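I have placed the structure first, in the form of structure tokens, so that the comments after it can refer back to it.
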Amino acid sequence: MYGDWHKHGLRISVCLQFDDIKREDWKDIERDARAYAKGFAMNFGPGGKYPFVEWVELGNEPGLLDDATYLRIFQAMAEGIREGNPQLKIATCNTEAGGSDRYWKGAAIFEPHLPLIDVLRIHRYAIKDGWPTWRRSFPEDKTVPYLSHIQSMLDWRNEHAPKREMWVSEFGWDCSTKKPDPKGDMAKFITCSDDEQAMWIVRSYLLFAEMGIDKAFLYFFNDEDKPAFHACSGITRNYQPKPAYHAVAWMLKHLADHRFTRALQKSEQDGYLFEFTAERADAPRVFAAWHASKNDVELPLALGGATILRSERMPLVPGDAADAGVKPGDTSLKAGTLPVLIWVK
């Protein structure tokens, strides 16, 4: 499996999951965890027999393990990886700036182990209400613990571990065309629409770029249209593209070789205008513009005298994106919830 992914140009991060293995079920935590991780690193890390894996994540959401037990496993595995193949990068489990909880570990427990860590990871979803609806909101919504918790982890990283990468290793939105079983435990489950999923995913990527996130991994790639929590988060449905698939493809096509430069405007109330600069010096800059929750909002275009070349609105269907109507000489645009890209020179 790793070989096929690698052959098609994918870069691979593997999660070693031991979250549901009870402490008493291990024969010798230090010996066995170290040996397993060392063998994995020697065989699958860079330069190994099967050199397909670049990163290894030690645990996913290991809240069933107390901190002390998790750290015993983490340290043994990390030391085994460093011994087996120091080129293989090590990432934490899902981590939060606060204390440990059911689905994450508190960042502070890793502070004594930073020499063994290359990447800090966090999972975050814009969940407005918990059970029974599990209703999610738009990414810029300041009333949900989404961007704020990610920023808290970035702040912790910047203070305690500035040389480590920061990943959002899970985020996303559920959307289903079906109604939940009225007699099941998801009877009141609420999903967003397909179009909302598409725009909120792309806007999250843009926001993560501005925040300084090094990598962000969308959950999930495919679903079977089951109206339940985390069961309809795919950008394909039964392997048929949803609007989110086309939206993400559009974003990658135009911004994969660009890097965030600056935020000209960043306001949930007034709108967003971010600048992305190409890696190639002679390529046009690209501005991304949108509003968090409204359409037809007047957004100033303070482009410093640059000439507008063209513009596109984020598509929800296959094919070329529509012209967003931003022309040379325009000093503002009508921003909406669908992001617009503007090329300037």
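Per the conditions (1) at pLDDT 95 or above; (2) touching a Ser or Thr at 6+ places or on another chain (Cβ under 9 Å); (3) of a type outside the set (V, I, T), the sole criterion not satisfied by F52 is (2). In the list A97, A126, A91, which residue meets the criterion of being touching a helix residue (DSSP H, G or I) at 6+ places or on another chain (Cβ under 8 Å), farther than 18 Å from C192 by Cα and not β-branched (V, I, T)? That would be A97, the only listed residue that is touching a helix residue (DSSP H, G or I) at 6+ places or on another chain (Cβ under 8 Å), farther than 18 Å from C192 by Cα and not β-branched (V, I, T). Residues being surrounded by fewer than 16 Cβ atoms within 10 Å (Cβ to Cβ), under 27 Å from S311 (Cα atoms) and free of Cβ contacts under 8 Å to residues at least 40 places away in the same chain are entirely absent from segment 219-229. In segment 243-293, the residue that is surrounded by the most Cβ atoms within 10 Å (Cβ to Cβ) out of those that are of a type in the set (V, I, T) and assigned to a strand (DSSP E or B) is V286.
Among the residues of segment 35-50, write down those that are without any contact (Cβ under 8 Å) to a residue 24 or more places away in the chain and either touching a Phe, Trp or Tyr at 6+ places or on another chain (Cβ under 8 Å) or part of a helix (DSSP H, G or I) (or both). N43, the sole residue that qualifies. Take the conditions (1) surrounded by 15 or more Cβ atoms within 10 Å (Cβ to Cβ); (2) among the hydroxyl-bearing types (S, T, Y); (3) over 17 Å from F138 (Cβ atoms); T236 misses just one of them, which is (1).
Flag set for S148, criterion: of a type in the set (S, T, N, Q), surrounded by fewer than 18 Cβ atoms within 10 Å (Cβ to Cβ), over 29 Å from P315 (Cβ atoms) and modelled with pLDDT of 95 or more. Filtering segment 225-250 to residues that are touching a Pro at 6+ places or on another chain (Cβ under 8 Å) and of a type in the set (A, V, I, L, M, F, W, C) leaves A228, I235, A247, W250.
The number of residues in segment 51-73 being free of Cβ contacts under 8 Å to residues at least 40 places away in the same chain and surrounded by 21 or more Cβ atoms within 10 Å (Cβ to Cβ) comes to 1.
Contact map, segment 299-323: residues that are loosely packed, with under 14 Cβ neighbours inside 10 Å paired with residues that are of a type in the set (A, V, I, L, M) and not in a strand (DSSP E or B), Cβ distance under 9 Å, separation 6+ or inter-chain. Pairs shown: P318/A249.
If you go through segment 1-20 and keep only what is among the hydrophobic types (A, V, I, L, M, F, W, C) and free of Cβ contacts under 8 Å to residues at least 40 places away in the same chain, you end up with M1, L10.
Take the conditions surrounded by fewer than 20 Cβ atoms within 10 Å (Cβ to Cβ), in contact with a Cys (Cβ under 7 Å, 6 or more places away or on another chain) and more than 30 Å from V119 (Cα to Cα) and apply them to S176. Does it pass? No; evaluated as a whole, the condition is false for this residue.
Residues in segment 21-30 that are part of a helix (DSSP H, G or I) and either surrounded by 15 or more Cβ atoms within 10 Å (Cβ to Cβ) or in contact (Cβ under 8 Å) with a residue 24 or more places away in the chain (or both): 3 in all. Consider segment 245-291 and keep the residues that are under 15 Å from A335 (Cα atoms) and aliphatic (A, V, I, L, M). The one that is nearest to the chain's Cα centre (by Cα) is A288.
The values are calculated or read from the model by the stated rules, or taken from the named source; none is laboratory data. As the structure is a computational prediction, the values presented were derived from the model and not from experiment. All Cβ positions, even for glycine, are placed from backbone atoms using ideal geometry, and neighbour counts span all protein chains on display.
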